[in-house]
Amino acid sequence: MNGKIDGSSLLIPALIAGLSLLISVPVALGGNKEMVEKNVRELDTLNREVIQQIPELPSDGHVRVKARITQTGVKREIDILHTEIILPDSVDTATTTSTSVIEQTEVIPTETTESQETRKQEINFNDHHQKVSPN
Amino acid sequence: MRIKISGLLVMAVCLVALIPNSWAGNKKIMTTRAAKVLAERAIVESIYGLKVRSTEEVQDMIAANFSGKTESKTAATVKGIKIEEVTYDSSKDIAKATASIVLDTFTNIDGQEMNLGGKTFRRVAFATSTPSQAGPIQALRAAELDAYKQLAKRVVGFTLESQTTVENYILTSDIVKSKVLATMYMAEVTEYGWDAEGDAFVKMVLNVKEVGDIIGLDVIDEQEIIEVEGMGAQTDDFMQAQQH
């Protein structure tokens, strides 16, 4: 042992450093991007499912929809609460106050709508007191 | 002379090695205390329950235009929570606490009297006082909240609002929003951990039939047990991708 540092003496520390880097790489690969992308795909699929339940869907136009999604077992239930269809020609004439909007608001039974309203009132996130039970 | 010098050196090394112990300070105490408090909160969330509010919105189905937020809130006075076990990793400054409680009756977040019949609830929590070590713990909490959100969506449902363009019979989703607001209780964590990439997962279970029996209501659901898996990340590569 003469105290000199040659190439071979640096090999082992270099190998250790390299292995450490390789081990730490998987941790760096994690993140929320994939989770967000999965969420976006799920929202898109669900929206398409909801839209396809609307009767007389036009070949061209804009559709605004509000739906309540519930799940019983493996079965998903979609209650369309509000639908608004704007046809392309109505968009063209929108500036002239002429609109041909088809509205369907009577899709959901009244009692369900009431329960929605009640739920909105009862769950106040800023209040300390609330009274809402699952289903 | 040489022996004396080497003896002094050994003593000096020993002294240096002992200094960190004598300077231990309050870090361990603070970390373990935080873990205990978080374990107690987990117990409160399990038995008393919590409010969960979540919104998600995406435009043009582009992940970069996605925004999602989940919030939780709970507050209750609970007596009888026991801290069963506390472990502390001094190298990482991470503490793990296990809390438990045995209850006969309890009033939940909805004001319903629950007949628990001596059921034992047990929850685990982690904490650290070192910000650089907080990543995995934050990811675990994010996964926990994601699991609560998924349970809420399954139990009470959620609202979906969208503006969609149809062109030549082809659907193009323009704006899609989903909202859920609910109270959850009696959810149990069955499994948790981190995958090889450092993302956390929490498996949560809600026994619908048992909850129905406890609160004295017939809860109608084809599935007796609802099981969900929440995910949480410790690095925000989504925002990083948006910036590039």
Requested in this report: Kindly state, to the nearest 0.05, the FRET efficiency for residue B:82 paired with residue B:197, given R0 = 45 Å and r defined as their beta-carbon distance.
Outcome: 0.80
Query raised in the report: At q = 0.16, 0.29 Å⁻¹, what log₁₀ I(q)/I(0) does a Debye calculation on the Cα points of segment A:36-81 give, no solvent, two decimals?
Result: -0.51, -1.15
Query raised in the report: Quick one: putting +1 on the C-beta of Lys and Arg, -1 on the C-beta of Asp and Glu, what dipole do you get for segment B:24-243 around its Cα centre, in Debye to the nearest 20?
Result: 1180 debye
Query - Fewest-first sequence of B:87, B:70 by Cβ atoms within 10 Å of each Cβ - result: B:87, B:70
Report summary line: The pairs in A:75/B:149; B:69/B:92; B:177/B:209; A:33/A:75 lying past 27 Å Cα-Cα in this model are B:69/B:92; B:177/B:209; A:33/A:75
Query raised in the report: Of B:48, B:88, how do they rank once you tally other Cβ atoms within 10 Å and put the fewest first?
Result: B:88, B:48
Query - Shielding by other protein chains, B:48-60, mean Cβ within 10 Å - result: 2
Query - Equivalent ellipsoid semi-axes, segment B:24-243, via Cα gyration tensor eigenvalues times 5, rooted, Å - result: 33, 27, 13
Query raised in the report: If one puts a single equal scatterer on every Cα of segment B:23-139 and applies the Debye formula without solvent, what log₁₀ I(q)/I(0) results at q = 0.16, 0.20 Å⁻¹?
Result: -0.85, -1.04
Report summary line: With only helices counted (DSSP H, runs n ≥ 4, each -39500 (n - 2.57)), the per-residue ellipticity at 222 nm for chain B, to the nearest 500, works out to -11000 deg cm²/dmol
Query raised in the report: Which order results if B:236, B:199 are arranged by neighbouring Cβ count within 10 Å, fewest first?
Result: B:236, B:199
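Each value in this text was obtained by applying a stated rule to the coordinates, not by laboratory testing. Just so you know, these numbers come straight off a predicted model, no measurement behind them. Ideal geometry is used to build each Cβ from the backbone, glycine not excepted, and the neighbour counts take in all protein chains shown.
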